[in-house]
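Peer 1: Please see the structure below; I have some questions.
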Amino acid sequence: MNAVVAAVLQIVVLIAALALTVPLLGRYLAHIYTSEKHLRAEKVAYRVLRVDPDADQHWRSYALAVLGFSLVGLLFLYLLARTQQWLPLSLGFDPFPSDGAWNTAVSFVANTNWQWYSGEVAAGNLLQMAGLTVQNFVSAAVGMAVAAAFARGLARGRGQGDRQGRGRVGNFWADLVRGVVRVQLPISVVSALVLIASGTMQTLRSHQTISTLGGGEQTVTSAAAASQEVIKELGTNGGGIFNVNSAHPWENPTPFTNMLEIFLILIIPFAMAWAFGLIVRDRRQGGAILATMAVLLLGGTALLTWAELAGPGTAPQLAGGAMEGKETRFGEAASALFAAATTGTSTGAVNAMHDSLTAPGGGITLFMMMLGEVAPGGVGSGLYGMLMLAIVTVFLCGLMVGRTPEYLGKKIGRHEISLVAVYILVTPILVLVGAAVAVSFPAGPEGILNSGAHGFSEMLYAVTSAANNNGSAFGGLTSGTPFWNTLLGVLMLFGRFVPLVVVLALAGRFASTRPLPVGAGTLPTHRPLFVALLTGVTLVVVGLTYVPALALGPIVESLS
Amino acid sequence: MTQFNVLPPASDTEEPQEHHHDRHTVPPAKGALSAAQIRAALPGALRKLDPRLLVQTPVMLVVEIGAVATTVLSILDPSVMGWLVTAWLWLTVVFGNLAESVAEGRGKAQAASLRALQTETSARRLRGDGTEEAVASTALRKGDRVVVEAGERIPGDGDIIEGVASVDESAVTGESAPVIRESGGDRSAVTGGTLVLSDRIVVQITSDPGQSFVDRMIALVEGSERQRTPNEIALNVLLSTLTVIFVVVCGTLYFLADYSGAHQSWLVLIALLVCLIPTTIGALLSAIGIAGMDRLVRRNVLAMSGRAVEAAGDVDVLLLDKTGTITYGNRQAHEIIPVTGVTLTGAENAAVLASLSDQTPEGRSILTLVGRSMGGPAEATMVEFSATTRMSGLDSPGLSVRKGAASAVTAWVRENGGQVPPETGVVVSEIAESGGTPLVIAEHRNSDPARVLGVVHLKDVVKDGIRERFDEMRAMGIRTVMITGDNAATAAAIAKEAGVDDFLAEATPEDKLALIRKEQRGGRMVAMCGDGTNDAPALAQADVGVAMNTGTTAAKEAGNMVDLDSDPTKLIDVVEIGKQLLITRGALTTFSVANDIAKYFAILPAMFVVAFPQLEVLNIMRLSTPESAIVSAVVFNALVIIVLIPLALRGVRYRPSSAVELLRRNILLYGVGGLIAPFLGIKLLDLVISLIPGL
Amino acid sequence: MLDLVYILITLVSFAGLAALVGVIDRRLGEPADTDVAPTQNEPETEPQAVSR
């Protein structure tokens, strides 16, 4: 089969699968984030946590609950990583160094899942399962909870008989528990079984010794891969149990599991957008957000697939294809699709070494992350990120219809735009200042493999990935040094929680404002024209911010 | 309210106002900047270089800081390019200030003529015992009572508490025809500085010195009291955010470039920064706001705050008084229907006779309709209309004619022994149901019993073109509600003919207030106009309240705009000006941001081409040298401000249409235009600038 | 020793984030209440603008 046809075919299959499932899951998500009923298992959880799941929290207490919960999780993870040698199921691994333990703790709590270590030779089973996998679930649920709170804030007052919010955005504990119990667990269990049936490994043994055909002995590392694989993708986490991540046959054995994993990466972020439309009681609004995400992702995938198949550059031309670092079992196109999905969402799982993508291809994965993880982004964070950009778009373009800007009937005044401004500012500042710090201290470039523009790209990729909570690594950068662990830890921490606080504040504000009626004079935010504008504004704002930095890395590389 | 309206009690002292403002408004603002304008504005522009003033516009403050830095850099390490960049950065700041100064300058002329009114005059203050004393007009305080007679200027704002006078208010309104001001009622307010032409009035002063209407007008048109509006502040936040992002971009680029072996001088990075931050809109933002107020002033509307102008753009519901806005304000004879047994001519003749004494527009319209006049019989006494008799006519020996409200005239017929045929009632109610006003004509000849001759159908005439304007409003998403004291049937008929969306019949001021509250509870913004004291609460409650200048002081205080022409139709203009103001802001912001793309294509290759020759591919404009490319971008960035000043002052072209259409058009013009224009502009500048020796 | 440093960084960061919550809450707070709250003395029946 022609490579291009195969590439198109797998994208078509993926689109079809998503088109069938996203509306269903979206409706389900909208239901669970607005329902007032609790499951029995959930009631037990609330009693254990000693929280009242029916209290309608003010955004302030919602935000403090998020921060408190994350802080506890972070400290617990840190402790676990520092003491794993004394704990059961450690597989005899040493404790993490303190900088590494901190980096990992931040990374998993911030839903980034940047890994400076190789999972199979550093993290024992207890750390993997009780620490990292738990965070894979809950950090994703936190993102979804915040997005749901934001949607509810916008929705307040839009329905009949709806009381105005007075800054109240819902209940964090209910959102958190439901996200885990009703969404992630069921999907994970089913998908894990499918993966196991398709050959993904699931065992508690750390390694097996097998006799090779030649008569020698070989130690093959093994792990409970399938269970973590699913939530790694589903929660847009990305932290693999093996260092080479989804390129490892134990994690991702067949083309079918490859497609399933891509599907799992994309399903919740897209479904959140659909759920958003339902929560604000205007399905078309969710559709427009979803369409914008899809356009950006499709554009990225198309460019990336082209870059990898065309294989520009001297080495690929000589070799007859850009196969270096690719998953040979699936081919370049599958790698390109996986790469676009993993960087478009904030997953960071990889099935190819992005370091080995062609120069333009690597640049595109960088750019996908720089979009701020909105195409379609992390679970929850993709939705609220895109909504922030929608508000910027409304503000820039809304004036051109001769009214002061509003989104879904909520006026965008000085306070609202100030909060959005903080959101828009945080990530670029973290990325660019982080990059400047990295190149300016000798400890930064020490870790890179290549010199010149490619080495620069490796560092730029690392800080971009951390600040945007993606967690994928370009490869080539040895980041397990105190310098990199600390720098990236700081970027991940602030890249996750400052935006999150601002989003909740905005949710609270919207919850207290009365929506305005929509008329012929209002800027419509559900039409293709708005999708085009939102796409344009996203590309222009991101482009203007990062083009100089990109020029020194991937652009220079691509043109050489 | 009665079912059958009679003639209005007194004829209107004001002229019909349909084309009022066309006659005397200042000619519309010219787009181009004249050299004189710039010369006048220049000193102000230089004064505004003071960083303490520039803090108001953070974008321009950053440019100024950049200019200071490049000045220092150029002194330390002089180069042609350094000085060129420095000069143009300073010019960028000056151009920005110039825009604001020019906008302010336009109000100055108007302010000067208003100041002339403030020459100190002597006032005749009444003492408690009723005797007069002469005091300076500036010594008058709130509550003082003064006497003003024909030929004297009114010494301060106040309400007439005694007498009636014709007043020349042309200095304030530009309207040369004198107006009648009288004590009590809704025409009692007078403005300081206006001239009494006839009679004697006693005025109670309502403002302290320095706070009079004229004082406030001067402050408003000069822009000295200008406070930034909510949307302007919000936009400033967004522009500052973009500025911070670009400061970070350029600041970190120094280190990133250093690492990559493509060292950049701070001079070039500052040039890049100034090109990227949204200087165009940053420089023009306050000028747009001032010009918006100015456009209102040119239409003789004074906005008490910029906030009101902005709110006008957001208006969802327009409450329009029927009289004067939707209809010409007076009913006109449409048809004369004789009763059975009477010829049309007979009925017409009687109608004419009954109207000879009637000076109201309604009465005259009967003469116009019939088209012939006749002398009244000798020894005739005219019977004037009065609110109690509700009819007018003529008594002469042997013949009496009457026309008036059906109930009054039929009563008169019966008193004089006549019968009222049942068909009269039928015709009368038909007319009333159709929204018209029926006037019954009757005569009493000699000793015959009085009899009904016919019915005059008076109709409220809807203004030409008003229907189209309402259609436009609807397209813009604005609902129009007609407010009228008429009964529901009349109101419905007129509403249908005029094409308003809703109407409120038999409206009292309280009804108006309640309607505004109800709309506002639904989240809608409401605009209305009014003049009477009892309109004041509604004017205060409305988001945009336009008080008529003829109205009471209370009404003027309550509203947030005053229409000097007292033309209620102006409300629609006000909304359009508000929208135009917001669109201009949005369009120039979009233009400013879109410009950046071309600037990157000019500057980035120029910066890095030495270290990475392959980046020459990105130099799609084929600019001659890196230095020329950077200078061209900086010059373009400065010149575009000057080029756009006229647009900022005039406002972008605006035709009422739906949000989608407006958006599509403006995106195409200012978004796509903003994308393409700098490519052409920078290329052209490069052709010239590359000729500069030493660059 | 290093453990303490990292735990301290964590605590200070989260304290900073909590402070951010506080600052935003104080500075932006609830939007100014421009609502027209229905008052008792308002008439129960409101004039209804009639749609054609």
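Peer 1: What does the charge count near residue A:97 come to, summing +1 for each Lys or Arg and -1 for each Asp or Glu among other residues with Cβ under 14 Å from its Cβ?
Peer 2: -2
Peer 1: By the gyration tensor of its Cα atoms, with a ≥ b ≥ c the square roots of the eigenvalues, what is the shape of segment B:330-470: rounded for a/c under 1.5, prolate for a/b over b/c, or oblate?
Peer 2: Prolate, since a/c reaches 1.5 and a/b exceeds b/c.
Peer 1: Rounded to the nearest 0.05, what FRET efficiency do residue A:539 and residue A:414 have when you use their Cβ-Cβ distance and R0 = 45 Å?
Peer 2: The computed FRET efficiency comes out at 0.95.
Peer 1: R0 = 25 Å: FRET efficiency of residue C:3 with residue A:446, Cβ-based, nearest 0.05?
Peer 2: Efficiency computed from Cβ-Cβ geometry: 0.55.
Peer 1: Please name whichever of B:473, B:450, B:490 sits farthest to the positive end of the charge dipole of segment B:450-503, dipole taken about the Cα centre and charges placed at Cβ: Lys and Arg +1, Asp and Glu -1.
Peer 2: Going by the charge dipole, the pick is B:450.
Peer 1: If you take each beta carbon of peptide A:406-418 and count the beta carbons of other chains within 10 angstrom, what is the mean?
Peer 2: 5
Peer 1: Another question about this same structure. Given the DSSP H assignment, sum -39500 (n - 2.57) over each helix run of at least 4 residues in the protein assembly as shown and divide by its residue total; what's the result at 222 nm in deg cm²/dmol, nearest 500?
Peer 2: When only DSSP H runs of four or more count, the value is -18000 deg cm²/dmol.
Peer 1: Could you list, in their original order, any pairs among A:410/B:570; B:48/B:108; B:579/B:599; B:108/B:579 whose Cα atoms are separated by more than 22 Å?
Peer 2: Among A:410/B:570; B:48/B:108; B:579/B:599; B:108/B:579, the Cα-Cα distance tops 22 Å for A:410/B:570; B:579/B:599; B:108/B:579.
Peer 1: Let me spell out the model: positive unit charges on the Cβ of Lys and Arg, negative unit charges on the Cβ of Asp and Glu, origin at the Cα centre of chain A. What dipole size does that give, in debye rounded to 20?
Peer 2: Here chain A has a charge dipole of around 2540 debye.
Peer 1: A further question follows. Rounded to the nearest 20 debye, what is the charge dipole size of segment A:108-265 about its Cα centre when +1 sits on each Lys and Arg Cβ and -1 on each Asp and Glu Cβ?
Peer 2: I would put it at about 1060 debye.
Peer 1: Please give the peptides B:536-543, A:470-477, A:382-389 ranked by average Cβ packing (other Cβ atoms within 10 Å per residue), highest first, as a rough proxy for protection.
Peer 2: A:382-389, A:470-477, B:536-543
Peer 1: Same structure, new question: Please order B:296, A:64 by the number of other Cβ within 10 Å, starting at the fewest.
Peer 2: Fewest to most other Cβ atoms nearby, the residues stand as A:64, B:296.
Peer 1: Compute the angle between helix B:422-433 and the longest alpha-carbon principal axis of chain B, please, reported from 0 to 90 degrees and rounded to the nearest 10.
Peer 2: On a 0 to 90 degree scale, this one is about 10.
Peer 1: Fewest first, what order do A:423, B:254, B:259, A:62 take by the number of other Cβ atoms within 10 Å?
Peer 2: B:254, B:259, A:423, A:62
Peer 1: Along its three principal axes, how long is the protein assembly as shown when you only count alpha carbons? Whole Å, largest extent first please.
Peer 2: 145, 77, 64
Peer 1: Same structure again: If you take each beta carbon of peptide B:242-251 and count the beta carbons of other chains within 10 angstrom, what is the mean?
Peer 2: Across the residues of B:242-251, the mean count of other-chain Cβ atoms within 10 Å is 5.
Peer 1: Further, regarding this structure: Can you tell me the 0 to 90 degree angle between the C-alpha axis of helix B:80-116 and the longest principal axis of chain B, rounded to 10?
Peer 2: Helix B:80-116 sits roughly 20 degrees off the main axis of chain B.
Peer 1: Which stretch or stretches of segment B:387-414 have amide N atoms under 18 Å from the point lying 7 Å from residue B:446's Cα along the Cα→Cβ direction?
Peer 2: Correct set: B:396-401.
Peer 1: What ranking, highest mean first, results for peptides A:255-262, A:343-350, A:169-176 when packing means the other Cβ atoms within 10 Å averaged over each residue?
Peer 2: In decreasing order of mean packing, A:255-262, A:343-350, A:169-176 become A:343-350, A:169-176, A:255-262.
Peer 1: Another one. Going toward the positive end of the dipole of the protein assembly as shown, with +1 on Lys and Arg Cβ and -1 on Asp and Glu Cβ, which of B:436, B:256, B:367 do you reach last?
Peer 2: B:256
Peer 1: Moving on. Within a 10 angstrom radius of each residue's Cβ in B:653-661, how many Cβ atoms of other chains show up on average? Whole number is fine.
Peer 2: 4
Peer 1: Place +1 on the Cβ of every Lys and Arg and -1 on the Cβ of every Asp and Glu in the protein assembly as shown, take the dipole about the Cα centre, and give the residue among A:507, A:39, B:34 whose Cα lies farthest towards its positive end.
Peer 2: Going by the Cα projections, it comes out as A:39.
Peer 1: Let me ask another. Going by how many other beta carbons lie within 10 Å of each one, how would you line up B:180, B:245, fewest first?
Peer 2: Ordered by Cβ neighbours within 10 Å, fewest first: B:180, B:245.
Peer 1: Hey, what angle do you get for helix B:509-521 against the long axis of chain B, alpha-carbon based, 0 to 90 degrees rounded to 10?
Peer 2: 30
Peer 1: Follow-up. What is the gain in length, in nm to one decimal, between residue B:122 and residue B:510 on full extension, counting 0.36 nm per residue of separation less the C-alpha to C-alpha distance?
Peer 2: Fully extending the segment from residue B:122 to residue B:510 adds 135.5 nm.
Peer 1: Highest mean first, what order results for B:589-595, A:504-510 on Cβ atoms within 10 Å?
Peer 2: The densest-packed peptide leads the list: A:504-510, B:589-595.
Peer 1: Quick one: 3J(HN,Hα) in Hz for segment B:196-206, Karplus 6.51/-1.76/1.60 with θ = phi - 60°, rounded, Gly and Pro as x.
Peer 2: 7, 9, 8, 6, 10, 10, 10, 10, 9, 6, 10
Peer 1: Let me ask another. Apply the a/c threshold of 1.5 to the C-alpha gyration tensor of segment B:471-538 and tell me whether it is rounded, prolate or oblate.
Peer 2: Oblate shape, in that a/c is at least 1.5 and b/c is the bigger or equal ratio.
Peer 1: Does segment A:503-560 come out rounded, prolate or oblate, given a ≥ b ≥ c as the square roots of the eigenvalues of its C-alpha gyration tensor, rounded meaning a/c under 1.5 and, failing that, prolate meaning a/b above b/c?
Peer 2: Oblate shape, in that a/c is at least 1.5 and b/c is the bigger or equal ratio.
Peer 1: With a Förster radius of 35 Å, plug the Cβ-Cβ distance of residue A:36 and residue A:196 into 1/(1 + (r/R0)^6) and report the FRET value to the nearest 0.05.
Peer 2: Efficiency, rounded to the nearest 0.05: 0.45.
Peer 1: With +1 on each Lys and Arg Cβ and -1 on each Asp and Glu Cβ, how big is the dipole of chain B about its Cα centre, in debye rounded to the nearest 20?
Peer 2: 1860
Peer 1: Which whole-number percent of Cα pairs in segment A:379-559 have a distance greater than 29 Å?
Peer 2: That fraction is 33 percent.
Any read-out appearing in this document is the output of simple, stated calculations on the displayed coordinates, not a laboratory observation. Here the structure is a predicted model, which is why all the values come from computation and not from measurement. Note that we place each Cβ from the backbone using ideal geometry, even for glycine, and neighbour counts take in every protein chain shown.
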